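Asker: My structure is below; once you've seen it, I'll send some questions.
The values are calculated or read from the model by the stated rules, or taken from the named source; none is laboratory data. Just so you know, these numbers come straight off a predicted model, no measurement behind them. A quick note on method: Cβ atoms are made from the backbone with ideal geometry, for glycine too, and the neighbour counts reach across all protein chains shown. Only protein heavy atoms, including side chains, enter the accessible area calculation; ligands, DNA and RNA are left aside. Shrake-Rupley method; radii C 1.70, N 1.55, O 1.52, S 1.80 Å.
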Amino acid sequence: MTTLDEALAGLPDYDPNHMTVELARTIIVRTACPVSAIEQVAIRGALGRVLGRDVISPLDVPAFENAAMDGYAFHSRALAAGGNVRLHVAGRSFAGHPFEGDVGAGECIRIMTGALLPAGCDTVVPQEQVQREGDTEIVTFAANAVTPGRHVRHVGEDLAAGHPALHAGKRLRPAALGLLASLGVAEVPVRRRIRVAFFSTGDELRSVGESLAPGNLYDSNRYTLFGMLTRLGVEVLDLGVVRDDPQAIENTLRTACRDADAVITSGGVSVGEADFTREMMTRLGNVVFWKMAMRPGRPFAFGELESDGHRALLFGLPGNPAAVMASFYHLVRDGLFALMGAEPQITPSLPVPSATAIAKRPGRTEFLRGMLAPDDHGRWQVTVADAQSAGILRTMSEANCFVTLGTARGDVAAGELVDVVAFDGLV
Ligand code: AMP
Ligand code: MG
């Protein structure tokens, strides 16, 4: 198990006052120790869960030799003489209705895709290459148009019995459920679901349903966090709004630590506020306060809490709503995947031309809200949202992607390629 101190040791570039996104993520992932408990669940219940152990295939896939095309199955010896091959159709092999006899010399079997290849056959000639002689049971085709062994799927060619079908650490998506079913596997070992507690801090915050006094605003972070966490497939524990009072925050953190594997707070980590938070959090464990070289989302706290023998990871997010979302996706998410025991997730990031010029200072990573859409010629381009302030949720809600401009990047000209991560993929 790696502690935060171990994760920080030997990092020559570590500077808490200028943290790159990449380094912060590395430290977070190294510190997050996967939950160890594993439970057996039925296939449907495994959707979105993380596989705890490899699933070894109990079957060969395919389990029997079968046709890859609709056509006629025969033995390739018939091709030896060359010229026109002439065969008698001696029977049929359809899916679920195999031909059970022997296929002799000069014979073939009408066969459909997926049907069992009859004994004595090793090749399928597709029906498009075959002529039937009138109303007879005789087919002919050119020998040189057919390769021996073609259009046959062999036993175990997709997956051999005894080999891993799915690896530990895999997050199970619909295709994996189908694969398990295709192997006749009814239950799989998955890591227990992680539990993530979260709360908002701020004397100005009110919850939906309460009335607003002057200077108050509605707490939105608990709702974006609820949405983002639920989509990751974790169990959520909403601890509400907590006043800007060290004792109240400490009590809530202790509760969270007892009941959850990770705690996410928002607000109260910016300069000034961080001082009392820091003092209080050091009583609960080992917490580092970072000034992130990223926008939105500058202040960020990360650490290991311990209370009454319970441990939890702490992610202290800034208060601004768009900063919460950017920090969650670019820093917290990979830490939670590591905690779930998931293998590192690949998030596709693709270069797309920017429709407009973008002003950018080198020295920090910017995650801009953007709209990916085809231009008038059907070519994909991205347009960054008009308002990128960390406090603005509207453009976060209108956007369909992040445009990532890395630390070294300066101003972007219209038409230049920028890296884009789409919020939604197909699955
Ligand atoms: P803080 O990081 O606590 O200084 O908060 C930065 C800004 O984000 C302030 O304008 C807060 O009012 C706002 N803010 C903090 N928490 C929330 C929240 N849960 N929902 C909406 N706005 C918030
Ligand atoms: Mg605050």
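Asker: How many percent of the accessible area of the range 6-118 is carbon or sulfur, using a 1.4 Å probe?
Answerer: 53
Asker: Now for a different question. Compute the acute angle (0 to 90°) between the alpha-carbon long axis of helix 246-259 and the principal axis of greatest extent of the alpha-carbon atoms of the chain; round to the nearest 10°.
Answerer: The answer is roughly 30 degrees.
Asker: Assign one of three labels to the range 43-188, namely rounded, prolate or oblate, based on the Cα gyration tensor with a ≥ b ≥ c the square roots of its eigenvalues; rounded applies when a/c is under 1.5, prolate when it is not and a/b is larger than b/c, and oblate otherwise. Can you show the working numbers first?
Answerer: Working: a/c = 3.22, a/b = 2.91, b/c = 1.10.
It is prolate, given that a/c is not under 1.5 and a/b is the larger ratio.
Asker: With all protein chains present and a 1.4 Å probe, how do Phe64, Phe276, Phe367 order by accessible area, largest first?
Answerer: Heavy-atom accessible area, descending, gives Phe64, Phe276, Phe367.
Asker: Which of Arg53, Arg110, Arg206 moves most in a GNM of the chain, Cα contacts under 10 Å?
Answerer: So, out of Arg53, Arg110, Arg206, the one fluctuating most is Arg110.
Asker: Another one. Quick check: net charge around Glu204, other residues with Cβ under 11 Å of its Cβ, Lys/Arg +1 and Asp/Glu -1?
Answerer: -1
Asker: Okay, moving on. Residue by residue, what Karplus-based ³J(HN,Hα) values in Hz, rounded to whole numbers, does the range 11-21 have, using 6.51, -1.76 and 1.60 with θ = phi - 60° and x for Gly and Pro?
Answerer: Once θ is set to phi - 60°, the couplings for the range 11-21 become 10, x, 8, 5, 9, x, 8, 8, 8, 7, 4 Hz.
Asker: With a 1.4 Å probe and all protein chains kept in place, how much accessible area does His75 have, in Å² rounded to the nearest 10?
Answerer: Only protein atoms counted, so the area is about 50 Å².
Asker: Next up: Starting from the Cα of Ala248, step 7 Å along the direction of its Cβ; do the same at Gln127; then give the gap between the two resulting points in nm.
Answerer: Distance between the two pseudo-spin positions: 7.5 nm.
Asker: Connecting C-alpha atoms closer than 10 Å in a GNM of the chain, tell me which of Val85, Val35, Val287 has the biggest fluctuation.
Answerer: Of Val85, Val35, Val287, the most mobile in the Gaussian network model is Val85.
Asker: Please get the size of the charge dipole for the chain, origin at its Cα centre, with Cβ charges of +1 on Lys and Arg and -1 on Asp and Glu, quoted in debye to the nearest 20.
Answerer: Rounded to the nearest 20 debye, it is 160 debye.
Asker: Can you compute 3J(HN,Hα) from phi for each residue in the range 210-216, using the Karplus curve 6.51 cos²θ - 1.76 cosθ + 1.60 with θ = phi - 60°, rounded to whole Hz and x for Gly and Pro?
Answerer: For the range 210-216, the Karplus curve yields 8, 9, 9, 8, x, x, 8 Hz.
Asker: Compute the helix-to-body angle for 221-232: its Cα long axis versus the longest principal axis of the chain, expressed 0 to 90° and rounded to tens.
Answerer: Its long axis makes an angle of about 20 degrees.
Asker: Rounded to the nearest 5, what % of DSSP beta bridges with both residues in the chain are antiparallel?
Answerer: Among the beta bridges of the chain, antiparallel pairing accounts for roughly 70 percent.
Asker: Is the shape of the range 146-294 best called rounded, prolate or oblate, per the rule: a/c under 1.5 gives rounded, else a/b larger than b/c gives prolate, else oblate, with a ≥ b ≥ c the square roots of the Cα gyration tensor eigenvalues?
Answerer: prolate
Asker: For the range 1-56 and the range 296-369, write down the distance between their C-alpha centroids in whole Å.
Answerer: Using only Cα atoms to place each centre, the spacing works out to 14 Å.
Asker: From the backbone phi of the range 130-141, what are the Karplus-calculated ³J(HN,Hα) couplings (6.51 cos²θ - 1.76 cosθ + 1.60, θ = phi - 60°) in whole Hz, Gly and Pro given as x?
Answerer: 10, 10, 8, 7, x, 8, 7, 9, 10, 10, 10, 7
Asker: Next question, about the same structure. Only Cα pairs within less than 10 Å get springs; with that Gaussian network setup on the chain, which residue of Arg283, Arg77, Arg195 has the largest fluctuation?
Answerer: Arg77
Asker: Rolling a 1.4 Å sphere over the protein heavy atoms, what is the accessible area per residue of the chain, to the nearest Å²? Provide the component values of the computation, followed by the final result.
Answerer: Values: 20580 Å² over 427 residues.
With the other protein chains kept in place, the chain gives 48 Å² per residue.
Asker: Got a number for carbon plus sulfur as a percent of the range 350-425's accessible area, 1.4 Å probe?
Answerer: Roughly 57 percent of what the probe reaches on the range 350-425 is carbon or sulfur.
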